[in-house]
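Heads up, the thing below is written out as structure tokens.
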Amino acid sequence: MKQYYHLLTYGCQMNVADSETIAGILEEKGYSYTDELTTADLIFVITCAVRDNAEQKIYGKLGELVKLKESKPHMILGIGGCMTQQDEIAKRIYQRFPGMNIVFGTDNLHKLSQDLDIIIEESKRIMDVHEITGNIYDDLPKTHTERHRAFVNINFGCNNFCTYCIVPHVRGQERSRSIKSIKNEVARLAANGYKEVTLLGQNVNSFGSDSDNDTNFVKLLKNLIEIEEIKRIRFMTSHPKDMSLELIQLVRDEEKMCKHIHLPLQSGSSKILNKMNRKYDQDKYLNLARYIRKEIPQATITTDIIVGFPGETEADFLETLRVVDEIKFDAAYTFAYSKRPGTRAACYENQVSEDEKKSRLYKLIDRVNMYMEISNKSRLGQKISVMVDGTSKKDNEVLSGRSDDNKLVHFRGDYKVGDIIELEVYDYSPHVLWGK
Ligand code: 5AD
Ligand code: SF4
């Protein structure tokens, strides 16, 4: 009888990429994908630990899944990702949810297939969370969710230890794949009809800094640009401290490099940036963003911003708004600071009250939305290059795609997924452009 799997993926693109590997492993074992929880014989949850509210949501979901399993006892439940990479949480979940067959980490996907055999053949429960070894397993199968664009991991982990961030504690030291192995993977994707790749890492632009060879991110990009069938290259996330002028110039000069740079600001206050251990100050960030605006005027700049970091005063928050007002980000992900056990900032004094964080967050969102709308409005009447992704989620008469500068575009017409077309923008809302 056919067996079905479903994956619940939370958090960032790294988790989406891990889920694609898990899907590849499961399909190799004969499972088929189902998009309904109730028809699944196996459900894995890939978790995010970056903020407390993500964790709470996941605990709620686990309760639901265990209930579902009561009516379907043969169902296999598993949980992996950044939450379970923390020992105490992994143990707590294992004990609190006896219906959970396997608890695994982020660094042992290569053992998942074998673990599943043990669960099925020996009816055992498994707790298999590894310490991060630094090994890279880049020959695991992958099932991409789409057939025209794919995520490709280029480096794993992070060495930066921003004081609010759990990532270095759960994903370990930064380690880069080799250019050769990445190029082979992208060439294989190209041979299978893929036209766009998004290169992923917690810190893509420090690619190669952990290697003895004279390798770096720009070199990797130049290698990938050579692959003819790949028409578009994106990357995320970049750290401002590792953003070289050479990289910005490459984005400017190479047609295949999408004109979009995601450059997390986190805070506009130099005092807070220092406490965050970001290794740049307001001036340095502004100069970088000004340089991008000057060299690539058609590029979008997007960002991540945290409000309410410990010790953030109203004056510090106004510095953040000042940077937003100058750079006029085309889009921004905004967050209220969330205390993460084990990180340095969790022990800092002067934690900001929840009410204050909320109030600053709402003000920031208002400001960011205003610039997002201005950015979309500025595209009215312009010609843009769009790759067709499929039908819009809300209306299947309408097609949806991404412009070169990563804006969501809706349009009508007789196009195939993966076509790259030129459209003229005739209408906009804060979140969508309409093209014809
Ligand atoms: N609290 C709030 N936001 C956080 N981020 C990371 N850690 C925290 C935290 N403890 C945000 C940062 C990062 C994004 C992925 O999540 O802005 O860039
Ligand atoms: Fe976290 Fe900073 Fe590393 Fe990004 S660069 S993953 S925010 S520690």
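The values are calculated or read from the model by the stated rules, or taken from the named source; none is laboratory data. As the structure is a computational prediction, the values presented were derived from the model and not from experiment. Here Cβ is always computed from backbone atoms with ideal geometry, including for glycine, and neighbour counts include all displayed protein chains. Heads up: the accessible areas ignore ligands, DNA and RNA and are worked out on the full protein's heavy atoms, side chains in. Shrake-Rupley method; radii C 1.70, N 1.55, O 1.52, S 1.80 Å.
K383: surrounded by fewer than 19 Cβ atoms within 10 Å (Cβ to Cβ), free of Cβ contacts under 8 Å to residues at least 12 places away in the same chain and at negative phi, yes or no? Answer is no for this residue. Screening L273, L318 for residues that are without any contact (Cβ under 8 Å) to a residue 24 or more places away in the chain, within 16 Å of ligand 1 (Cβ to nearest atom) and not charged (D, E, K, R) leaves exactly one candidate, L273. Scanning the range 34-59 for residues that are in contact (Cβ under 8 Å) with a residue 60 or more places away in the chain and not aliphatic (A, V, I, L, M) yields R51, D52, N53.
Conditions (1) within 16 Å of ligand 2 (Cβ to nearest atom); (2) surrounded by 14 or more Cβ atoms within 10 Å (Cβ to Cβ), marked per residue:
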{"position": "I79", "(1), (2)": "no, yes"}
{"position": "F104", "(1), (2)": "no, yes"}
{"position": "E122", "(1), (2)": "no, no"}
{"position": "I136", "(1), (2)": "no, yes"}
{"position": "G172", "(1), (2)": "yes, yes"}
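The sole residue among K259, K284 that is at pLDDT 95 or above and either open to solvent by 20 Å² or more (accessible area, probe 1.4 Å) or among the small types (G, A, S) (or both) is K284. Determine, yes or no, whether R293 is assigned by TED's automatic domain parsing to the domain that holds M370, open to solvent by 50 Å² or more (accessible area, probe 1.4 Å) and either within 16 Å of ligand 1 (Cβ to nearest atom) or more than 27 Å from N15 (Cβ to Cβ) (or both). In short, yes. If the condition is being modelled with pLDDT under 95, touching a strand residue (DSSP E or B) at 6+ places or on another chain (Cβ under 6 Å) and under 30 Å from K416 (Cα atoms), then the range 98-149 contributes only H144. Being within 20 Å of D115 (Cα to Cα) and not charged (D, E, K, R): is that true of Y5 here? Here the answer is yes, as Y5 does meet what is asked.
In the list T303, T320, which residue meets the criterion of being at pLDDT 95 or above, open to solvent by less than 10 Å² (accessible area, probe 1.4 Å) and within 22 Å of the chain's Cα centre (by Cα)? Spell out how you get there, then give the answer.
Values: T320 fails: within 22 Å of the chain's Cα centre (by Cα).
Residue meeting the stated conditions: T303.
Tell me which residues, restricted to the range 323-357, are open to solvent by 60 Å² or more (accessible area, probe 1.4 Å), in contact with a strand residue (DSSP E or B) (Cβ under 9 Å, 6 or more places away or on another chain) and within 13 Å of ligand 1 (Cβ to nearest atom). Within the range 323-357, Y333, E354 meet the criteria.
Based on what the data block shows, is V186 away from ligand 1 (no atom under 16 Å from the Cβ), more than 15 Å from the chain's Cα centre (by Cα) and open to solvent by less than 20 Å² (accessible area, probe 1.4 Å)?
Working: away from ligand 1 (no atom under 16 Å from the Cβ): yes; more than 15 Å from the chain's Cα centre (by Cα): yes; open to solvent by less than 20 Å² (accessible area, probe 1.4 Å): yes.
Yes: the conditions hold for V186.
For the range 17-31, filtered to residues that are open to solvent by 30 Å² or more (accessible area, probe 1.4 Å) and not in a helix (DSSP H, G or I), the residue that is farthest from G81 (Cα to Cα) is G30. Looking only at the range 211-231, filter to residues that are closer than 12 Å to K195 by Cα and over 23 Å from the mean Cα position of the chain (by Cα); which one of those is least open to solvent (accessible area, probe 1.4 Å)? Checked the range 211-231; the qualifying residue least open to solvent (accessible area, probe 1.4 Å) is I227.
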